[in-house]
Structures are given as structure tokens and as C-alpha cells.
Amino acid sequence: MLKTFKRWVSSEYANLSKSDLLTEILKHPIPVHVGIITDGNGRWAKKRGLPRTAGHAAGMKRVREIIRAAGRVGIQVLTFYSFSTENWKRPHEEVNYLMKLPLEFLRTDLDELVRQNVKVQMLGEIERTPAYTQSALRKFEEKTKNNTGLILNFAINYGARDEIIRAIQHIIEDVEKGNIVKEEINEELMSRYLLTRGLPDPDLIIRTSGEIRVSNFLLWQLAYSELWFTDELWPDFTEKMFYQAILDYQCRSRRYGAV
Ligand code: FPP
């Protein structure tokens, strides 16, 4: 058991350089969709005697770095769990700071994302975020909507149980309206009522900061995802670690319940 656990949290490729890792990764099938739970910003700041917001600022830099790395590797969909439906319970000042991050990101990164052909999309009920947050997020979507490269999802005010409940409500509405019949309800139909409609399920989910749980992230979609955990706090998560996670993923054999 311990051996299996160790495989999750440490990589056998720790001694390879970043460019050797990249070369190795590119020889094997690349995960199409990678989801990341970016955890540990607060602890990173606390360790340095800084306010938690400084951890989020440092985390933002890592987000940028990993988007670039995902493009290099040829990942098609990258989803960040940026703000959960539970995160509203945090101190007002911290929530305020997080809500302003998209504005800052827009100012610093929109042009590069457009140049890199990245298509930015949101998952979650962003209507509940302040007007300035919504307008920054909508601007990202609007300015990148015709891009055909990496699909970059930010899950903001997202909760998987909430997503599933809404999907069920919409399915019931459509049954009542006669748009579908009960017998048509299957996994494929359910997927079309989720916020990720049209996107492949994640192949790989990464969570930083040593927490070994999925915290209401893409619960339906991760049924067959490979999970990869690391003790590193998100602001310390490097491009090299990202490549290690992908290489670990490539070494696992996915049987989808078959032998
Ligand atoms: C978790 O760390 C991190 C968050 C709740 C926020 C993550 C957000 C970003 C990295 C930026 C997102 C950017 C855009 C543009 C949407 P934590 O605060 O829970 O850390 P802790 O567990 O150590 O307290």
C-alpha cells in the first residue's frame, strides 16, 4: 500500500532535466484533458510570514507558467479549479482579492493568450461574482472565442454537486416538455447537460499541497481520471513537476474496468 501511495506523490523521473522530461513525454500519448486543483497558496504565504493574498499572487504566476507548459506539450484542454462554491466562506478581504485577480490577469495575459491561440472558457456560476469580475471573465471568453488551440477552463464559483443537480433539473424539464423521453437518459445524455458539455473527460487530475481528495471538482467527469497528488504547495509547483505528473500518467495503464 505504501509503495502505491509513494508512486502518487513522488516521481521516478525526479533526476531527469526539464528538457529531457519534455523529450520523453512527447514520445508517448499526451493526456487530452488535464484538471488541476491549485491548492496551498495560503500555506505558502503563511510559511513566509506574508498575507494569504501574496500566496494567491504567487499562485497566479504558476497558473501562467503551466498554461505555457500545457501548450508546449500539446494538451488540448486544461481546467483550473480556481474558486469553489465553498470559497465564499473565506474572509471578505481574501474573497475580494481573488475576485480582482481575473482583472489583473486580463491586463497582463490576454494578449499572450490571444497570440497563443488559447480559447478561454468559464465553468461555474459566474453570475454570482461581482460585476467587474464577470466583465473581465466575459472579455476573456469574447476575445478568445474564435481561437482553435488549447481550451483553458477556469472553474470559478464551481461545485460539482451543484453542477449535477442543475443537470438533473434541466433533464427533468426537458422530459416534462417532451423534448426527451425518460428512456433516452444515459451517461452520454447526462454529459451533455453538464457544464463541460462538448469537452472530453479529464484524463489526469493533479492536486497540490498534500491533500489527497477531490473536493467537489468534476465529480461526474473524473470517473476514470488518473489522480496525481504532490506535497508541493501550488506556488512551488514548477513546469518540471508538471512534466513529471504527465510522465507518471503515461506510465500507468488505463483499463477502464476491463482486464
Ligand atoms: C487554493 O489555495 C487556491 C485558491 C482558492 C485560489 C486559486 C486561484 C488562483 C491560483 C488564480 C486564479 C486566477 C484566475 C484568473 C481565475 P488555498 O488558499 O486554499 O491554500 P491553503 O489551503 O494553503 O489555505
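With both labels modelled 7 Å from their Cα along Cα-to-Cβ, the Glu141 to His170 distance reads 1.2 nm. Most tightly packed first, judged by the mean number of other beta-carbon atoms within 10 Å of their residues, the peptides 226-232, 179-185, 119-125, 16-22 read 119-125, 226-232, 16-22, 179-185.
The charge dipole of the stretch 63-205, taken about its Cα centre with unit charges on the Cβ atoms of Lys, Arg (+1), Asp and Glu (-1) only, comes to about 560 debye. Dipole check for the stretch 6-104: with +1 at the C-beta of Lys and Arg, -1 at the C-beta of Asp and Glu, and the Cα centre as origin, the magnitude is about 260 Debye. Rounded if a/c is under 1.5, else prolate if a/b is larger than b/c, else oblate: which is the stretch 101-259, with a ≥ b ≥ c the root eigenvalues of its Cα gyration tensor? Taking the square roots of the gyration eigenvalues as a ≥ b ≥ c, the stretch 101-259 is oblate.
Shape analysis of the stretch 1-121 places it in the oblate category; the axes a ≥ b ≥ c from the Cα gyration tensor give an a/c of at least 1.5, with a/b not above b/c.
Shape of the stretch 116-189 from its Cα gyration tensor (a ≥ b ≥ c, root eigenvalues): rounded if a/c is under 1.5, otherwise prolate when a/b > b/c, or oblate? It comes out prolate by the Cα gyration axes.
Between Ile185 and Arg197, the contour length at 0.36 nm per residue exceeds the alpha carbon distance by 2.8 nm.
Can you list the lysines whose alpha carbon is less than 20 Å from that of Lys27, not counting same-chain residues fewer than 8 positions off? Counting by Cα, and skipping residues close in sequence, Lys27 has these lysines nearby: Lys18, Lys240. Label sites at Arg213 and Arg115, each approximated as a point 7 angstrom past Cα along Cα to Cβ, lie 4.2 nm apart.
Loop-located trypsin sites (Lys or Arg not before Pro) across the stretch 33-71 with a Cβ neighbour count of 14 or fewer within 10 Å are Arg48, with loop assigned by DSSP. Alpha-carbon geometry of the stretch 195-259: the Rg and the Dmax are 12.9, 39 Å, given in that order. The charge dipole of the chain, taken about its Cα centre with unit charges on the Cβ atoms of Lys, Arg (+1), Asp and Glu (-1) only, comes to about 740 debye. With a Förster radius of 41 Å applied to the C-beta separation of Arg161 and Lys46, the computed FRET efficiency comes to 0.90. Using the Kirkwood radius built from alpha carbon pairs, what does the Stokes-Einstein equation give as D for the stretch 69-168 at 10 °C and 1.306 mPa s, in µm² per second? It comes out at roughly 112 µm²/s.
Throughout, read-outs are computed from the coordinates displayed, never taken from laboratory work. Just so you know, these numbers come straight off a predicted model, no measurement behind them. Positions of Cβ are backbone-derived with ideal geometry, glycine not excepted, and every protein chain shown enters the neighbour counts.
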